[in-house]
Amino acid sequence: MSQVKERPAAAAPEPPEPELASQESWAQQLRGLALRLLAPAVSLLSAALIGVLVILIVQQSWADVVDVGDAMWSYGLFNRNSLAFILGRATPLIFAGLAVAIAFKAGLFNIGVEGQYAIGALTAAYVGYQLSAPTILHLPLTILAGMAGGLLWAAIPALLKVYRGAHEVISTIMMNFVANAVLLYLLSGALKDPNQQGSIAQQQTPPIEPTAQVGSMVPFFNSIGFDFRGSAPVTWFFVLAIVAAILYALTVRRTRFGFELRVLGTNPRAAEPSGIRSNAMIIKVMLVSGAIAGLAGLQDVIGIDDRMKLDYIRGYGFTGIAIALLGRNSGLGIVAAALLFSFLDRASSGIGLTTDVPKEVTSIMQGVIILTIVIAYELVRRMTARRQLREQTERA
């Protein structure tokens, strides 16, 4: 009787060495980080090159290019009050960028931040001068009133989208025009300050009570060695903006709401089968976006001007779109992008004061950044997709 020899069992494949796996993981992370940084780097380099070309075309002199670079460096960064200006100017831009970004994450395009922060500033001003309460109550209520104003103004396009299918781009743009009309009507009538001095009455609210005003950060900075002038436009709202960016990042990455937000934005068709109520999420996201937008104008109202005026600073909402794009909808990226745009605003003043070059060259650079960042991100996305496909093929 022949004996059948048993074949030895095949040896199990040895797991990869932990150090090699770790090295591959680190290499992949570094490549991913490099690709993420590539898009903003390309957009900034393109903006700088086109800025140089514009100066050469207009001024026809390399000396002016050098003067502009020196003005942006010395005045934009090392002027006595430059840091205060940059931080103060970045504060509303951070809020505007966060408001746009959280809508972007859900696949929504909230162009109504401009009108939402205008209404938020008006409601905050009303509570600020109408209510009498201790600071510990009055200031938080004023801030919440600003958020409520922005939230209510965003609720209208949210409901129109969910129940009538109106596209949020159209409805939010229309709400911006309506907001301007509402401000003109109220600041010319019911909410106009009746106790103004002088022959020309301004279209503005009465002054806000001191208990509703946010304090300046100048004393704090000067106590640690800076030498800002007393009227430097930086307030404690900057700290609130940083806290808001941190909370935004944690919410998007660490909460169920953030997970549902990302699923809705990445693949809306998979949202409902996954148990996500798309319409409810759209309303929630638009309300949160509007509430954050309501904070964008509050520094000017309760920290600098101490009242709401018809000639309030406009443009935060539209600049917020560029900041969200440049910051790639991340909390840290939005803060960095807001500081960059604030620096360019400060540098434009230095160019106008110390050179013969029109300061609008910085506006051209901002526009180029907005245009190139979209193209650069699309190119990076395609490069990343090709790399992932190649790695999957190699593993197969």
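The values are calculated or read from the model by the stated rules, or taken from the named source; none is laboratory data. Everything numeric in this text was worked out from a predicted model, so none of it was measured. As a convention, Cβ positions derive from the backbone with ideal geometry for all residues, glycine included, and neighbour counts pool all protein chains shown. Surface accessibility is based on the protein's heavy atoms, side chains included, excluding ligands, DNA and RNA. Shrake-Rupley method; radii C 1.70, N 1.55, O 1.52, S 1.80 Å.
In table form, for the structure just shown:
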read-out: Total formal charge among the other residues, if their Cβ is under 15 angstrom from that of M281, Lys/Arg +1 and Asp/Glu -1; value: +4
read-out: Rounded, prolate or oblate (a/c below 1.5 giving rounded, otherwise prolate when a/b exceeds b/c) for the stretch 285-396 by Cα gyration tensor; value: oblate
read-out: Accessible-area composition of the stretch 134-182, carbon plus sulfur, in percent [1.4 Å probe]; value: 82 percent
read-out: Apportionment of accessible area to carbon and sulfur, the stretch 34-128, percent (1.4 Å); value: 72 percent
read-out: Förster-model FRET efficiency, 45 Å R0, V178 and S223, C-beta, rounded to 0.05; value: 0.50
read-out: Spatially proximal lysines relative to K284 (Cα-Cα < 24 Å; intrachain offsets below 8 disregarded); value: K105, K161
read-out: Stretchable slack from Q388 to A34, in nm (0.36 nm times residue separation minus alpha-carbon distance); value: 126.0 nm
read-out: Inter-part distance where the stretch 236-309 and the stretch 92-151 are each reduced to a Cα centre, Å; value: 12 Å
read-out: Potential lengthening between A41 and I170 on full extension [0.36 nm per residue; Cα-Cα distance subtracted]; value: 43.2 nm
read-out: Computed label-point distance, nm, for sites R381 and L144 using a 7 Å Cα→Cβ extension; value: 4.0 nm
read-out: Magnitude of the charge dipole, the chain, Cβ model with Lys/Arg +1 and Asp/Glu -1, debye to 20; value: 1220 debye
read-out: Carbon/sulfur fraction of accessible area - the stretch 314-370, other protein chains in place, 1.4 Å, %; value: 63 percent
read-out: CD proxy at 222 nm, helix term only [per DSSP H run n ≥ 4: -39500 (n - 2.57); per residue of the chain; nearest 500]; value: -24000 deg cm²/dmol
read-out: Estimated FRET transfer efficiency when R0 is 56 angstrom, pair L287-S61 (beta carbons, to 0.05); value: 0.60
read-out: Long-range HN-HN contacts of T235 with modeled amide H, under 5 Å; value: M217
read-out: Eligible lysines near K359 by straight Cα distance, threshold 28 Å, same-chain separation 8 or greater; value: K309
read-out: Relative packing of 116-128, 165-177, which averages over residues the other C-beta atoms within 10 Å, highest first; value: 116-128, 165-177
read-out: Percentage relative contact order, the stretch 287-396, counting C-alpha pairs under 8 Å, at least six apart; value: 15 percent
read-out: Cα gyration tensor category, rounded, prolate or oblate, for the stretch 189-288 with a/c compared to 1.5; value: oblate
read-out: Listed residues A99, A322, A133, most fluctuating in the chain (Gaussian network, C-alpha, under 10 Å); value: A133
read-out: Residue-normalised accessible area of the stretch 246-396, expressed per residue, 1.4 Å probe, Å²; value: 51 Å²
read-out: Anisotropy class of the stretch 99-256 from Cα gyration tensor, a/c 1.5 cut; value: oblate
read-out: Two-site FRET efficiency, D311 against E272, from Cβ-Cβ distance with R₀ of 51 Å, rounded to 0.05; value: 0.65
